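**Student:** If you scroll down you'll find the structure; I have some questions about it.
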Amino acid sequence: MKTTLEATANPSPEDLAFLSERLTAFNDGDVGASRRKALAVFVRDEEGAVVAGISGYTAWGWLYVQWLWVDERLRGQHMAGRMLDAAEQEAVARGCHGALIDTFSPNAAKVYQRQGYQPFGTLADFPVGRSRIFLQKRLATE
């Protein structure tokens, strides 16, 4: 088989979908179906605008929080913790036993640790001058 190697900043949606389908099929055969399902939590103001939110997914019995953002006006009011609680409750309802989150903000890491997340790894200089911190939490499944 003759091949070419292509690096691109603009992959086609079709190529990305194909890659996702093939990797999913491989993983399903290797470790079982992930049952990946999106999970989002939003906080809206009186006009319906999003002022805080979480976006992530559940898969293989884990909640992965990919994005967590709180508007500056709501910071310091435990909004991140309330949203994490809501996401974790939904994850447990979906059968999850653990949660994963990462950050390169030392302040966010402290918030997550107050919520029961424990660091399990760091990646230095991601971005330069900071460390990306990976945290996990066991979820109550009773």
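**Student:** Can you tell me which residues in the range 102-119 are polar (S, T, N, Q) and over 17 Å from Ser55 (Cα atoms)?
**Tutor:** Ser105, Asn107, Gln113, Gln115, Gln118
**Student:** Further, regarding this structure: Do you know which residues across the range 88-124 are assigned to a strand (DSSP E or B) and of a type in the set (A, V, I, L, M, F, W, C)?
**Tutor:** Scanning the range 88-124 gives Ala99, Leu100, Ile101, Phe120, Leu123, Ala124.
**Student:** Looking only at residues that are of a type in the set (Gly, Ala, Ser) and surrounded by fewer than 17 Cβ atoms within 10 Å (Cβ to Cβ) in the range 86-115, which one is farthest from Gly56 (Cα to Cα)?
**Tutor:** Applying the filter and picking the extreme gives Ser105.
**Student:** Looking at the range 13-42, I want the residues that are more than 18 Å from Ala99 (Cα to Cα) and part of a helix (DSSP H, G or I) and have a partner that is at pLDDT below 95 and open to solvent by less than 60 Å² (accessible area, probe 1.4 Å) with Cβ atoms under 8 Å, at least 6 apart or on another chain. Which pairs are those?
**Tutor:** Thr24/Ser34; Asn27/Ser34; Asp28/Ser34
**Student:** With (1) touching a helix residue (DSSP H, G or I) at 6+ places or on another chain (Cβ under 9 Å); (2) open to solvent by less than 100 Å² (accessible area, probe 1.4 Å); (3) of a type in the set (Phe, Trp, Tyr) as the list, and Trp60 as the residue in question, which single condition is left unmet?
**Tutor:** Only one criterion in (1) touching a helix residue (DSSP H, G or I) at 6+ places or on another chain (Cβ under 9 Å); (2) open to solvent by less than 100 Å² (accessible area, probe 1.4 Å); (3) of a type in the set (Phe, Trp, Tyr) is unmet by Trp60, namely (2).
**Student:** Answer yes or no as to whether Ala38 is open to solvent by less than 20 Å² (accessible area, probe 1.4 Å) and not polar (S, T, N, Q).
**Tutor:** no
Conditions tested, residue by residue: (1) out of contact with any strand residue (DSSP E or B) (no Cβ under 8 Å at 6 or more places or on another chain); (2) farther than 20 Å from Leu139 by Cβ.
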{"site": "Val41", "(1), (2)": "no, no"}
{"site": "Asp45", "(1), (2)": "no, yes"}
{"site": "Gly48", "(1), (2)": "yes, yes"}
{"site": "Ala52", "(1), (2)": "no, yes"}
{"site": "Val65", "(1), (2)": "no, no"}
{"site": "Glu72", "(1), (2)": "yes, yes"}
{"site": "Gly76", "(1), (2)": "yes, yes"}
{"site": "Val92", "(1), (2)": "yes, no"}
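The values are calculated or read from the model by the stated rules, or taken from the named source; none is laboratory data. Since the model is a prediction, treat every value here as computed from it, not as a measurement. Note that we place each Cβ from the backbone using ideal geometry, even for glycine, and neighbour counts take in every protein chain shown. With ligands, DNA and RNA removed, areas are computed over all heavy atoms of the protein, side chains included. Shrake-Rupley method; radii C 1.70, N 1.55, O 1.52, S 1.80 Å.
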